[in-house]
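The values are calculated or read from the model by the stated rules, or taken from the named source; none is laboratory data. The model shown is predicted, which means the values in this text are computed figures rather than measured ones. Note that we place each Cβ from the backbone using ideal geometry, even for glycine, and neighbour counts take in every protein chain shown. Please note that ligands, DNA and RNA were not included when accessible areas were found on the heavy atoms of the full protein model with its side chains. Shrake-Rupley method; radii C 1.70, N 1.55, O 1.52, S 1.80 Å.
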Amino acid sequence: MTEAASEVVVDIRGLWTVFENDRGDQVVHRDLDLTIYRGEVLSLVGGSGTGKTVLLRQILGLEHPDKGVVSVLGAPPAELSAKGAARVGMLFQHGALFSAFSVLDNIAFPLRELKLLPRDLIRDAALVKLQMVGLGPEHAYKMPADLSGGMIKRVALARALIMDPPLLLLDEPTAGLDPESSDDFCNLLRRLHQDLGLTVVMVTHDLDTLFDLSTRIAVLADQRVIVSGEARDVIAYPHPFIHDYFLGGRGQRAMEALHEPRAPAPGL
Amino acid sequence: MPPAAPRPESLPASPARQGDTDAAPRVERRDDQGVVTALGRWTSLAFSQPRDWQALTQSLEGTGVDQPWDLRGIAQLDHIGGQLLWNHWGQAWPASIELGESHKAVLEHVQQFTTAAPPRIEPDWFERLRHALNRGPVLMRIGRDALQLLGQLVIDIGTLIRAPHRGPWRDFSGHLYHIGATALPITALVGLLIGVVLAYLTSQQLRQYGAETFIVNILGLSLIRELGPVLAAVLIAGRSGSAITAQIGVMRVTEELDAMRVMGIPHGYRLVMPRVLALAIAMPLISIWTSAAAIIGGMLAANATLDISLSFFLQALPRAVPFGNVVLAMSKSAVFGVLIALIACYFGMKVKPNTESLGRGTTSSVVTSITMVILVDALFAVLFRGVAFR
């Protein structure tokens, strides 16, 4: 287990991100280092504007850091191609489903783009993924406009997982879901993490999700990762942001869940 | 079961390893007992190599569910690979199979979730007929919508007249600038070129009859009365009509329209009316501007081909083209402007929250407004056939 856990999936070294605007440059990341290992569920936490989503986008190669190196599965992320879906799956905050396609076509899209596999195989594989995320086959021909928020997230997750990528990135996976759907979605993610052996990186503000799923929490503040580790270690770290974030009323309530006995986190 | 253990090598193969013969997914038949042995990486990434995929489909031929299978040689099996095997077996387990725990888990997943595709529910012809009858004839629907739009506009203008200080004047001036001022260069260029083309064409014919000086009448009348307004309207319909539809359509997609309604801000008064007013004022001005550019182009071309001096042209123009033509052209253009704005707003409001509908709405908006402009122009030509001729 230790051997597998030490396998690096994402490696970020000396990353600088600078946003240029009229009133001068705004440094978002200053010499940021972060390493993500196989099988982890890493949560990125930080206040608004600390560049959590930007970091995800840099891991995906959608944005380029001003300085520093990002490597995903041993290669620079900009090399993602049509086969990128086989390496990294991304769940965008609002799903980013193609509104012109039906649910099934959305999920099957990365496979269809290979222009190799037979249609039946693609359809069956997409239907399997649809049901793996807890939606029945009767939803296959619905259009994204006809789906509820929770269903959009599930379909988007199915699309992200269609090629079984080893790395899954989630941007606010439970934002905009009611508590029950949010719990359902967490359970779904935990099950998929277990079944598929995924490495998950997520940005979340939802403390329940955070404590429920993460095997490691990385806190972004002061333009870098100030601390990363298990929930208990992170909370113990002396920093005003961590104090406000975790030890406020919200945090106290969510942390009660931590002290309740719970099945050990899978994979660790 | 720890998650990392079942897939000891689930890192995708690097390009160097993909060509590796060990990695390519394939089946081999062991002769002694007819056991089919599967080897390599059965993953979607491996299948995305055309060469490997073709080799695999070839080697799969002649194997089937009735043979004994050995999957222990598969280095990596993902759900696509599992699906491929499962479908190859006709969605049933082979009578005899040897496989590891992790592969079994994947295949069991696939077995659990593979279903026949649900039937697409298409409405039958009776349903369609009922639907069509229910919605009424298309022309009547369009007529109703047009009436509603026009009525709302009249009410909004009434509101504006009663309380002009509360009108959306900032919006109005912004639209005036974007629709009017920024359209000046392109309309001038197009007008100028059309003037040149027309002058060259007619000069050829006129020279045959020795009627060179009539080029002033022909150019003046056709450009000021017809071509200028229509050309400007077509350009503005393509340029600003599409922009208005897209703007309002995106506001629909992002729920901004709903937000406005909740705040009690009426769409007609805040979105439609300023655009209609701006176009009603900008359109006649652009039309005159286009005509002027076309006349200048024609004048220069006439000077070059027929030796008609610029001063003669300018002196003859007012005599050839009575001022009534300018009034007619400007009022016609104002009507065009109102039409373009109303049609663009109408299609913008009708956009449904998806990308396809937005594209369709923009196309329909431009096509409809250009058609309407030409239709109304023909109507004007018939109605005012006796006006402002000499």
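Filtering region A:198-209 down to residues that are open to solvent by less than 10 Å² (accessible area, probe 1.4 Å) and assigned to a loop (DSSP other than H, G, I, E, B), which residue is farthest from residue B:81 (Cα to Cα)?
Checking each candidate, the answer is A:204.
All but one of (1) at the interface with chain B (Cβ under 8 Å from one of its Cβ atoms); (2) aliphatic (A, V, I, L, M); (3) open to solvent by 10 Å² or more (accessible area, probe 1.4 Å) hold for residue A:135; state the number of the condition that does not hold.
Exception for residue A:135: condition (1).
Let me confirm something: among B:62, B:40, which residue is under 50 Å from the mean Cα position of the chain (by Cα) and open to solvent by less than 40 Å² (accessible area, probe 1.4 Å)?
Among B:62, B:40, only B:40 is under 50 Å from the mean Cα position of the chain (by Cα) and open to solvent by less than 40 Å² (accessible area, probe 1.4 Å).
Against the conditions (1) open to solvent by less than 40 Å² (accessible area, probe 1.4 Å); (2) assigned to a loop (DSSP other than H, G, I, E, B), where does residue A:188 fall short? Just the number, please.
Of the numbered conditions (1) open to solvent by less than 40 Å² (accessible area, probe 1.4 Å); (2) assigned to a loop (DSSP other than H, G, I, E, B), the odd one out for residue A:188 is (2).
To keep it simple, each residue is scored yes or no on (1) under 26 Å from the mean Cα position of the chain (by Cα); (2) open to solvent by 100 Å² or more (accessible area, probe 1.4 Å); (3) farther than 30 Å from residue B:320 by Cα.
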| residue | (1), (2), (3) |
| --- | --- |
| B:121 | no, yes, yes |
| B:133 | no, yes, yes |
| B:136 | no, no, yes |
| B:143 | yes, no, yes |
| B:166 | no, yes, yes |
| B:173 | no, no, yes |
| B:178 | yes, yes, yes |
| B:197 | no, no, no |
| B:212 | no, no, no |
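Considering (1) in a loop (DSSP other than H, G, I, E, B); (2) more than 9 Å from every other protein chain (Cβ to nearest Cβ), say which one residue B:118 fails and leave the rest.
With respect to (1) in a loop (DSSP other than H, G, I, E, B); (2) more than 9 Å from every other protein chain (Cβ to nearest Cβ), residue B:118 is out only on (2).
Which residue, of A:117, A:121, A:111, is at the interface with chain B (Cβ under 10 Å from one of its Cβ atoms), under 30 Å from residue B:54 (Cα atoms), out of contact with any Gly (no Cβ under 7 Å at 6 or more places or on another chain) and surrounded by 22 or more Cβ atoms within 10 Å (Cβ to Cβ)?
A:111
For region B:73-89, does any single residue satisfy the condition of being at pLDDT 85 or above, open to solvent by less than 50 Å² (accessible area, probe 1.4 Å), over 20 Å from residue A:163 (Cα atoms) and more than 10 Å from every other protein chain (Cβ to nearest Cβ)?
yes
Which ranges mark the helices (runs of 4 or more DSSP H) fully within region B:126-238 that have 1 or more residues being under 29 Å from residue B:290 (Cα atoms) and among the basic types (Lys, Arg)?
B:169-175, B:184-209
Residue check, residue A:63 against (1) open to solvent by 30 Å² or more (accessible area, probe 1.4 Å); (2) over 18 Å from the mean Cα position of the chain (by Cα); (3) more than 10 Å from chain B (Cβ to nearest Cβ), all met but one. Which one?
Result: residue A:63 passes all but (2).
Can you tell me which condition residue A:164 does not meet? The list is (1) in contact with a helix residue (DSSP H, G or I) (Cβ under 8 Å, 6 or more places away or on another chain); (2) at negative phi; (3) among the charged types (D, E, K, R), and all the others hold.
Only one criterion is unmet by residue A:164, namely (2).
So, residue B:108, is that one within 14 Å of chain A (Cβ to nearest Cβ), open to solvent by 50 Å² or more (accessible area, probe 1.4 Å) and not in a helix (DSSP H, G or I) or not?
No, not satisfied.
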